Amino acid sequence: MVVTIDGPSGAGKSTVSRKLALLLGFAFLDTGALYRGLALAAQWAGLDASDETSVAAWLEGLDLMARPQDGRFLVLLEGRDVEPFIRNEQIAGLASRLSTQAAVRGHLLSLQRQAGVLGDLVAEGRDMGTVVFPRAEAKFFLNASPAERARRRFRELGAQQPGLILEDVLADLNQRDQRDASRALSPLRPAADATLVDTTLLDQAQVLALLLEKVRALAGRA
Ligand code: DC
């Protein structure tokens with residue numbers, strides 16, 4: 001069974017998706033980490049991200065993969081776990097800019113689909129229910145008000161970036177959402193058959209309970 005969880009940043013996808021996968025005994029795939037891993041590789045290569053022809057050529061030699069380990073997929077760049085290097089706003093912005101390019105999306109599409117053939121999966125991202133796993137048995141689209149999403153991002157990032165200002169986080173978030181939702185290829189939007197969940201007034205435990213109940217009901221019916 002494949003469960004897809006899409007939505008903008010700060011909607012509360014990451015922790016809930018991870019915990020849902022754990023409770024269901026499914027593998028967990030964070031597809032944003034693949035986009036971020038690709039952005040990190042581009043940064044390290046000194047690539048001009050706006051030059052689509054160079055990006056497409058560069059992708060052919062890129063050694064990026066998602067490897068299953070202990071119930072989740074690790075994103076490996078040239079065999080190295082990228083996790084310590086990708087959780088910052090600079091990489092997030094570059095990932096968002098690169099994700100508008102057809103060659104990038106095509107490259108990562110096959111990596112994501114390969115994860116889906118290995119067994120039960122919770123896949124989190126922007127286009128899981130619409131493009132990557134259109135036949136998934138359970139689809140969710142999480143959202144929250146921009147102000148609440150910015151507050152959540154601020155809390156997450158604040159510890160590592162002491163000078164951070166909430167207004168800047170909100171501006172960055174709005175810019176990235178706007179780009180993710182308005183791009184021509186696989187824009188951020190709910191699948192027609194997705195369950196919409198507004199998490200603005202819900203805590204993580206409430207969102208998790210809601211998703212778990214729905215997945216169990218769907219699995220029982222399958
Ligand atoms: O979920 P995240 O913040 O780690 O994602 C970083 C960027 O990657 C996001 O702004 C857009 C892109 N992305 C995408 O286009 N499609 C996905 N399935 C996941 C992420």
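Quick notes on this structure:
- Scattering curve values for region 33-97, log₁₀ I(q)/I(0), Debye with Cα scatterers, q = 0.21, 0.28 Å⁻¹: -0.83, -1.29
- Loop trypsin sites (Lys or Arg not before Pro), region 114-221, which have at most 10 other Cβ atoms in a 10 Å radius of their Cβ (DSSP): 135
- Spacing of the two label points (7 Å from each Cα toward its C-beta) at residue 117 and residue 48, in nm: 3.8
- Within region 134-222: Cβ-based charge dipole about Cα centre, in debye rounded to nearest 20 (Lys, Arg +1; Asp, Glu -1): 320
- Summed side-chain charge close to residue 84 - residues other than residue 84 whose Cβ falls under 15 Å, Lys, Arg +1, Asp, Glu -1: -1
- Where labels lie 7 Å past Cα in the beta-carbon direction, separation of residue 147 and residue 60 in nm: 5.2
- Between 104, 220, 115, the Cα set farthest toward the positive side of the dipole of the chain (charges on each charged residue's Cβ, about the Cα centre) is that of 220.
- Whole-Å distance, taken between Cα centres, linking region 33-100 and region 139-206: 21
- Cα gyration tensor, the chain - rounded (a/c under 1.5), prolate or oblate: oblate
- As a proxy for reagent exposure, ranking 44, 58 by other Cβ atoms within 10 Å from fewest up yields 44, 58.
- Each listed q (0.18, 0.26 Å⁻¹) maps to a log10 I(q)/I(0) for region 177-222, found by the Debye formula over equal Cα scatterers with no solvent: -0.75, -0.95.
- Most fluctuating residue given options 82, 207, 117, as computed from a GNM of the chain linking Cα atoms under 10 Å: 117
- Net length available on complete extension from residue 78 to residue 110 is 9.8 nm, with 0.36 nm assigned per residue and the Cα-Cα distance removed.
- Cβ-based exposure ranking for 48, 172, in which fewest neighbours within 10 Å come first: 48, 172
- The chain, dipole about Cα centre (Lys/Arg Cβ +1, Asp/Glu Cβ -1), debye to the nearest 20: 540
- Potential extension, residue 89-residue 205 segment - 0.36 nm per residue separation minus Cα distance: 39.1 nm
- Table column - 3J(HN,Hα) (Hz), region 195-207, Karplus curve with 6.51, -1.76, 1.60, x for Gly and Pro: 7, 8, 10, 8, 9, 3, 9, 10, 8, 4, 5, 5, 5
- Other-chain or far-sequence residues with amide H under 5 Å of residue 200's (modelled H): 145
- Loop-resident sites, region 58-127, for GluC sites (Glu not before Pro), counting at most 11 other Cβ within 10 Å (DSSP): 60, 78
- Counting every other Cβ atom within 10 Å of each residue's Cβ, 85, 28 order from fewest to most as 85, 28.
- Kirkwood Rh and Cα Rg combined as Rg/Rh, region 1-120: 0.96
Throughout, read-outs are computed from the coordinates displayed, never taken from laboratory work. Keep in mind that what you see is a predicted model, and the values were worked out from it rather than measured. Positions of Cβ are backbone-derived with ideal geometry, glycine not excepted, and every protein chain shown enters the neighbour counts.
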